[in-house]
Structures are given as C-alpha cells and as structure tokens.
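The values are calculated or read from the model by the stated rules, or taken from the named source; none is laboratory data. These numbers were taken from a predicted model, which means no experiment stands behind them. Every residue, glycine as well, gets a Cβ built from its backbone with ideal geometry; the counts of neighbours run over all protein chains shown.
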Amino acid sequence: MKKYTFTKKIDTRSGFGAGLAELGRTNENVVALCADLVGSLKMDEFIKENPERFFQVGIAEANMMGIAAGLTIGGKIPFTGTFANFSTARVYDQIRQSIAYSGKNVKICASHAGLTLGEDGATHQSLEDIGMMKMLPGMVVINPCDYNQTKAATIAIADYEGPVYLRFGRPAVPVFMPENEKFEIGKAIQLTEGNDVTIVATGHLVWESLQAAEALESMGISAEVINIHTIKPLDNEAILKSVSKTKCIVTAEEHNVMGGLGESVSRVLALNNPVPQEFVAVNDSFGESGTPAQLMEKYKLNDKAIIDAVKRVMKRK
C-alpha cells in the first residue's frame, strides 16, 4: 500500500488565503468581501496587494451575500469570507434567493467548519452546512483535505462559472497532497488501492482514513481510500468502480450524519449497486467546547472510529 507522510501541519484556511492572494495577482476580476474576520480567513495578503478590490462589510453577513450577488452583474468574481456557520445558516435565505436561484457567480468561502473549530463551541461549529448547501440547485460543494488542496481549490473555482461553496477549517493539519496538483471539480482522487473495503472521506477525515488504512493493512485488511473533495457534483463513477471490487464501503466526514457525504453516497449505491455501508460522522447532535483533538475523539471522528466502522461493514458483506 502506498504510504503517505507529512513534514508539516498547516491550517486549511491558510491554503485559502494563499490561493486568494495568487488569484489577486492573476485575475483582475476577483474581488473579496469579509464580515469582520479578515485575520481568521487569512485574507490579509490579498487586501495588502489589492485594497481597491476588497470590501469590509462588517458583521452583516446577509448584506455581504447581497453585495456579492450584485458584483457579479458587472463581471466581477466575488469571494465572500466568514465562518461556515455564518456563511450558511445565518444567510441561507439570501444565498437561495439572490445567488443560487439566479445562478450568480459567487464563491462562498467558509472557514472554521465542523467540530474542529474547537473551543468556541456548538454555536459556532457548523455540522449542517454541507447538507444545506448541496440541496441548493446548481450549487457546487467542495471540502478539501489539506493546505495544498485548499489552495488549489480556491484557484480552480475562480474559473468555474456559477455558485460555489468552499469549506475549510481552523486547526493545523498534516499537509500530504502534492503541492501543485491541479484541482478538478467533481473528480475524486484515489489515494490507495485495496480489495477488502472502500473508504471515502472528505476534509480532515481524509488523513484519518489514510492512518486507518495503514493500521488495517497490519491486520491483513486491504483498504481503498478515496479523497472526495467535491461532494457536489459527486464522482459517482469512482465510488461505483471501487465498491464493485470491495463490496462494502465506509464514509467519513466531519459533519452531521444527516445530509452530508454519507447520504450522497447512499443514494448512489441505492440506485446502482446496493452494498453494505457504515458512517463515520457526528451522530445527529450539536457539538460542544473542547480542543479539536478532544472533540474528534469524543464524537468518534478519527482513525480508530474508521477502523471500527471497517470491521463492522466487512461483517455485513
């Protein structure tokens, strides 16, 4: 099995900041808006280099979405920035009516997603956002796994015509994807080959899945790990090709079990090739305050939880 290692840990929000800064140098139509969280969204470099293309909206997220929608009419490509919870739940009506319904070319960039927001607690931890956003017709939903992939995704979505939800996080996580790998919207990446079980994961759970696969190999279990960075449109072909071989699947995500990646995969399987599936996700609850590591352990969103899910699903084959 291919082994993955890392030499450093960086937060994925910094990947967004680096990608946005590069876009500022290469695409004059890219503009940025923020709801009073410039430092948290790592937008400083873009603002320093392009002050005339940045709009500080303040703590007025709904207004930010309306302004972003309007800017597209003049040919601009707006990137909005705030926490995932405030990028979705707080402004869902504005996104639905002003952006999704008319297919506006707005890039909704959401940091501090999932439980790993950490000590700020349940009010700020967004565990429903993927479900909310994937249900909007025409909305692309992307959840990259590390710094390099987040930077690449940020750059790639500027070339896509239409609304995009880009989700990333707060904690420093291993950087293991190739530095300059081109990001293809809707194209899953197979990281390991295996015959016994398929593990499809998104975001921070991709690294945990690789760790799980390595441990499973020592137990004599061959796991195929697939990085699902784009949840909508989903790469159905990659999933079905893998389960045709392994005959079972585990989905892993830092999101509510309701409405996330797991349910999207279930639909693909139900329509094409029903095989046993186990879910690694938050079991329909809110989060709480704690360190990212403590929360991932308590809510069973780590390599140990994935290994347990693999053992369960293989018994059901």
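If I ask for residues that are hydroxyl-bearing (Ser, Thr, Tyr) and buried (at least 23 other Cβ atoms within 10 Å of the Cβ), which ones from region 113-152 would you list?
Those that are hydroxyl-bearing (Ser, Thr, Tyr) and buried (at least 23 other Cβ atoms within 10 Å of the Cβ): THR116, SER126, TYR147, THR150.
One residue is enough: does region 283-301 have a residue meeting the conditions aromatic (Phe, Trp, Tyr) and crowded, with 21+ Cβ neighbours inside 10 Å?
yes
Among the residues of region 72-103 satisfying the criterion of being closer than 15 Å to VAL31 by Cα and over 21 Å from the mean Cα position of the chain (by Cα), which is surrounded by the most Cβ atoms within 10 Å (Cβ to Cβ)?
THR72
Would you be able to say whether some residue in region 261-280 is surrounded by 15 or more Cβ atoms within 10 Å (Cβ to Cβ), over 17 Å from the mean Cα position of the chain (by Cα) and among the hydroxyl-bearing types (Ser, Thr, Tyr)?
Scanning region 261-280 turns up at least one residue that is surrounded by 15 or more Cβ atoms within 10 Å (Cβ to Cβ), over 17 Å from the mean Cα position of the chain (by Cα) and among the hydroxyl-bearing types (Ser, Thr, Tyr).
Right, LYS182: outside any helix (DSSP H, G or I) and surrounded by fewer than 20 Cβ atoms within 10 Å (Cβ to Cβ) or not?
Taking the combined requirement at face value, the residue satisfies it.
Scan the helices (runs of 4 or more DSSP H) fully inside region 211-317 and keep the ones with 2 or more residues being at pLDDT 95 or above and among the basic types (Lys, Arg).
236-246, 303-315
Within region 289-317, which residues are within 27 Å of GLU119 (Cα to Cα) and among the basic types (Lys, Arg)?
LYS298, LYS300, LYS304
Would you mind stating whether ILE155 is β-branched (Val, Ile, Thr) and crowded, with 24+ Cβ neighbours inside 10 Å?
no
In the list GLU224, GLU237, GLU208, which residue meets the criterion of being acidic (Asp, Glu) and surrounded by fewer than 22 Cβ atoms within 10 Å (Cβ to Cβ)? Break it down into steps so the answer makes sense when it comes.
Values: GLU224 fails: surrounded by fewer than 22 Cβ atoms within 10 Å (Cβ to Cβ); GLU208 fails: surrounded by fewer than 22 Cβ atoms within 10 Å (Cβ to Cβ).
Step by step, each of GLU224, GLU237, GLU208 is checked, and only GLU237 is acidic (Asp, Glu) and surrounded by fewer than 22 Cβ atoms within 10 Å (Cβ to Cβ).
If a residue has to be closer than 20 Å to PRO274 by Cβ and surrounded by 21 or more Cβ atoms within 10 Å (Cβ to Cβ) to count, how many in region 302-317 make the cut?
Of the residues in region 302-317, 3 are closer than 20 Å to PRO274 by Cβ and surrounded by 21 or more Cβ atoms within 10 Å (Cβ to Cβ).
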